[in-house]
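*Asks:* Take this structure first; my questions come after.
The values are calculated or read from the model by the stated rules, or taken from the named source; none is laboratory data. From a predicted model like this one, the values you see are computed outputs, not experimental measurements. Please note: Cβ atoms are built from the backbone with ideal geometry, for glycine as well, and neighbour counts cover all protein chains shown.
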Amino acid sequence: MKVSGRVWKFGDSIETDAINPYYRYPTMEELKLHTMEVYRSEFPREVKPGDVMVAGRNFGCGSSRPGLVLREVGIAAIIAESVSRLFLRNSISRAIPIFVAPGVTGIVDDGETLEVDYPQGIVRNTKSGKSVELRRYPPGIEQIFECGGLPQFAYERYQREAALGGRAR
Amino acid sequence: MAQTMAEKLLSRHNIAGKEVRAGDFLEASIDGAMCHYHAGESMVDMAVEAGFKDGLPKVWDRDRIYVLLDHHQPTLTQKLADENALIRREVERLGIRCFHDSEPGIAHQMMLDYGLVRPGELVVGNDSHTLCYGSVNAGATGITRADMFYVLLYGELWFQVPHSVKVVLSGRQPNYPISKDIILALAGRHGDDFAQGMSIEYSGGLVSQLSLDSRSCLSTHGVELGAKFAMFEADQATHAFVKSRTSTPYEPLVPDTGAGYEKEIRLDVDGMPFMLAKPHQFGNVAPVEEAKGVRVQQAQIGSCANGRYEDIEIAARMLEKHKVAKGVRFIVSPASQQVYLQCLKAGLIEKLVDGGAQVITPGCGVCQPRVGFLSDGEVCITATTRNFKGRKGSQKAEIYLAGPLTVTAAAVAGEIADPREVFPGL
């Protein structure tokens with residue numbers, strides 16, 4: 001996949017209570033009005049479909065909560081120095097485009113445009129031309145993304161095994 | 001090849017039947033799944049979205065899925081009551097046998113209380129603090145709801161074998177719990193993600209002196225360091241604890257001599273000061289001294305990190321001779337009904353109430369914006385899991401994390417203070 005978008009830049013250890021404060025705002029409509037406001041109050045108001053997020057290390061630490069709201073407000077990709085393991089799992093299992101690209105915070109500023117070129121394995125600042133490598137996923141994980149997430153992957157397996165007349169192991 | 005506990009765990013559970021090493025990907029067979037079933041986003045909706053129009057068609061094993069309604073018991077809103085009703089219908093439809101419904105408490109503590117997790121098992125839960133069961137030598141980790149969906153159906157899940165970090169703890173256990181101070185000291189010195197995606201193996205001379213309660217705090221908090229697993233070896237105390245709760249046989253994990261560790265970290269607790277995390281991040285660690293004198297309006301003890309017997313016992317012991325300061329709401333929430341009962345039988349609850357504390361129903365509420373909201377400008381010191389901005393309501397409130405003794409000292413002094421100064425007889 002290839003994506004490019006305007007950058008919203010955040011710091012280290014961005015936590016999931018801030019990304020997805022569903023205890024306080026239980027519906028998706030409310031969440032969209034409050035996601036990330038703890039860090040930048042203008043974010044929910046000003047984020048546009050196609051924008052991308054860039055963050056430092058340990059993105060998505062804290063509780064196991066998916067970042068579906070970020071997709072709902074239009075974030076096309078998340079690129080971070082490192083991602084907390086549960087947020088990474090959450091993003092893979094819901095097929096939300098997320099990329100680990102060490103050094104990314106050094107090549108792009110807030111408001112600039114960043115391009116993610118997954119086949120080439122790089123992210124690039126379209127203005128300065130500076131780029132860093134992103135970490136490719138192993139084929140098994142790519143397959144989950146391609147299916148649209150793990151529940152969809154499960155459904156395909158279920159259908160396949162049913163067609164064979166076999167039972168799940 | 002010599003293996004770490006994590007390598008041994010995942011090699012044993014590798015469906016392909018081959019030995020795996022740190023960095024390898026595999027499909028693993030799951031021994032147990034702790035499932036809230038719902039929590040904000042319904043498994044039913046997820047099933048329908050994926051194509052299963054009537055919901056999950058089956059579960060992989062009715063006896064190895066543990067459904068516990070811990071986050072919402074008793075329910076505080078109509079919506080949650082309706083969600084719980086849906087879960088009850090689903091549990092019945094799917095024939096899940098282990099269902100803790102009308103019993104408040106934190107799932108992680110109940111999993112331990114009822115012997116639902118054993119040494120050497122690979123146990124997953126759709127809650128970040130599932131690492132908790134590493135205290136009894138289980139390979140336990142949090143997964144996501146969509147991962148859980150797959151586990152419910154197949155009892156299998158993909159993993160990457162983690163690299164391991166050995167945390168060597170030395171020194172002497174004082175006569176009060178210090179596990180929170182230990183974990184904060186580790187986060188403060190090495191960063192709040194020094195174990196990102198890794199498996200922590202706790203070892204060293206202090207370990208045999210640590211109670212199961214203390215070990216559970218250290219394993220639970222592994223996730224605050226980014227870890228996938230946070231395990232202790234099984235010793236006599238572990239076997240006694242587990243065998244008094246279950247007759248299911250098990251095979252403990254023991255690391256091989258010469259196993260490969262990515263890094264080794266040492267911490268000597270002798271002379272370690274009391275620690276806290278300042279607002280609004282776990283890694284924002286300082287000795288208590290640095291926050292001395294900060295007035296507090298609320299103090300709390302509870303959660304899957306610090307709602308256990310020893311956490312409550314130290315508070316009760318201190319309140320025997322001291323009273324909670326005027327204007328401080330001191331909230332204590334036992335982790336489970338079993339813990340509550342143990343505290344009652346030991347007379348701790350009477351001491352707490354007599355000393356001015358409020359004791360509330362076991363559950364997760366004390367660690368969330370569910371019970372005990374904070375208002376703008378208020379300060380809370382809490383022995384729970386997290387201090388993120390807004391975690392207890394107002395985004396203009398401040399939350400400090402500390403151990404139960406430091407929290408009790410603040411509740412008595414009305415401000416953050418060194419416990420040794422508040423309780424001279426310590």
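*Asks:* I'd like the full set of residues that are under 20 Å from B:I143 (Cβ atoms), assigned to a strand (DSSP E or B) and within 14 Å of another protein chain (Cβ to nearest Cβ), limited to segment A:33-87.
*Replies:* The answer is A:F59, A:C61, A:V83.
*Asks:* Cβ contacts < 9 Å: first residue under 16 Å from B:Y114 (Cβ atoms), restricted to segment B:224-248; second residue among the hydrophobic types (A, V, I, L, M, F, W, C) and part of a loop (DSSP other than H, G, I, E, B), any location; separation 6+ or different chain. Result?
*Replies:* What qualifies is B:V242/B:V117; B:V242/B:A234; B:R245/B:L116; B:T246/B:L116; B:T246/B:V117.
*Asks:* Could you list all residues from segment B:360-369 that are away from chain A (no Cβ under 13 Å) and surrounded by fewer than 22 Cβ atoms within 10 Å (Cβ to Cβ)?
*Replies:* Within segment B:360-369, B:I360, B:T361 meet the criteria.
*Asks:* Still on this structure, please answer the following. With charged (D, E, K, R) and facing chain B (nearest Cβ under 10 Å) as the only criterion, which of A:E156, A:E146, A:E133, A:E115 stands out?
*Replies:* A:E156
*Asks:* Go through segment B:1-29 and report how many residues are of a type in the set (A, V, I, L, M) and crowded, with 22+ Cβ neighbours inside 10 Å.
*Replies:* 6
*Asks:* What are the residue pairs meeting all of these: first residue in segment B:99-112, first residue at positive phi, second residue surrounded by 24 or more Cβ atoms within 10 Å (Cβ to Cβ) and β-branched (V, I, T), Cβ atoms under 9 Å, and 6 or more apart or on different chains?
*Replies:* Here the result reads B:G105/B:V339, each pair linking segment B:99-112 to a residue that is surrounded by 24 or more Cβ atoms within 10 Å (Cβ to Cβ) and β-branched (V, I, T).
*Asks:* Looking for something within 12 Å of chain A (Cβ to nearest Cβ) and either closer than 24 Å to B:A195 by Cβ or surrounded by fewer than 23 Cβ atoms within 10 Å (Cβ to Cβ) (or both) - is there at least one such residue anywhere in segment B:95-108?
*Replies:* There is no residue in segment B:95-108 that is within 12 Å of chain A (Cβ to nearest Cβ) and either closer than 24 Å to B:A195 by Cβ or surrounded by fewer than 23 Cβ atoms within 10 Å (Cβ to Cβ) (or both).
*Asks:* Restricted to segment B:149-162, and to residues that are within 12 Å of another protein chain (Cβ to nearest Cβ) and assigned to a loop (DSSP other than H, G, I, E, B), which residue is surrounded by the most Cβ atoms within 10 Å (Cβ to Cβ)?
*Replies:* B:P162
Quick grid of which residues meet (1) under 20 Å from B:D101 (Cα atoms); (2) among the charged types (D, E, K, R); (3) in a helix (DSSP H, G or I); (4) in the same structural domain as B:M110 (by TED's automatic domain parsing):
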| position | (1), (2), (3), (4) |
| --- | --- |
| B:K326 | no, yes, no, no |
| B:I331 | no, no, no, no |
| B:P334 | yes, no, no, no |
| B:Q338 | yes, no, yes, no |
| B:L341 | yes, no, yes, no |
| B:L344 | no, no, yes, no |
| B:K351 | no, yes, yes, no |
| B:D354 | no, yes, yes, no |
| B:P362 | yes, no, no, no |
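*Asks:* Now for a different question. Counting only residues that are over 16 Å from B:I314 (Cβ atoms) and touching a residue at least 24 places away in the same chain (Cβ under 8 Å), how many does segment B:376-390 have?
*Replies:* 8
*Asks:* Of the conditions (1) buried (at least 22 other Cβ atoms within 10 Å of the Cβ); (2) modelled with pLDDT under 95; (3) on the phi < 0 side of the Ramachandran plot, B:G32 satisfies every one except a single condition; which number is it?
*Replies:* Condition not satisfied by B:G32: (2).
*Asks:* Additional query: Go through (1) away from every other protein chain (no Cβ under 14 Å); (2) within 23 Å of the chain's Cα centre (by Cα) one by one and return the number of the condition B:G372 breaks.
*Replies:* The single condition B:G372 does not satisfy is (1).
*Asks:* Separate question: Give the residues of segment B:379-405 that are more than 13 Å from every other protein chain (Cβ to nearest Cβ), closer than 16 Å to B:G307 by Cβ and hydroxyl-bearing (S, T, Y), sorted by residue number.
*Replies:* B:T382
*Asks:* Evaluate segment B:2-13: report whether one residue or more is within 12 Å of chain A (Cβ to nearest Cβ) and modelled with pLDDT of 95 or more.
*Replies:* No: segment B:2-13 contains no residue that is within 12 Å of chain A (Cβ to nearest Cβ) and modelled with pLDDT of 95 or more.
*Asks:* Assuming B:E421 fulfils every condition listed in (1) surrounded by fewer than 20 Cβ atoms within 10 Å (Cβ to Cβ); (2) in a loop (DSSP other than H, G, I, E, B); (3) not aromatic (F, W, Y) apart from one, which condition is it?
*Replies:* The one condition B:E421 does not meet is (2).
*Asks:* Given the conditions (1) more than 14 Å from every other protein chain (Cβ to nearest Cβ); (2) hydrophobic (A, V, I, L, M, F, W, C); (3) in a loop (DSSP other than H, G, I, E, B), and given that B:F194 satisfies all but one, which numbered condition is not satisfied?
*Replies:* Going through the list (1) more than 14 Å from every other protein chain (Cβ to nearest Cβ); (2) hydrophobic (A, V, I, L, M, F, W, C); (3) in a loop (DSSP other than H, G, I, E, B), B:F194 breaks only (1).
*Asks:* A follow-up question, please. Restricting to segment B:219-256, what's the tally of residues that are within 14 Å of chain A (Cβ to nearest Cβ) and in a helix (DSSP H, G or I)?
*Replies:* The total comes to 6.
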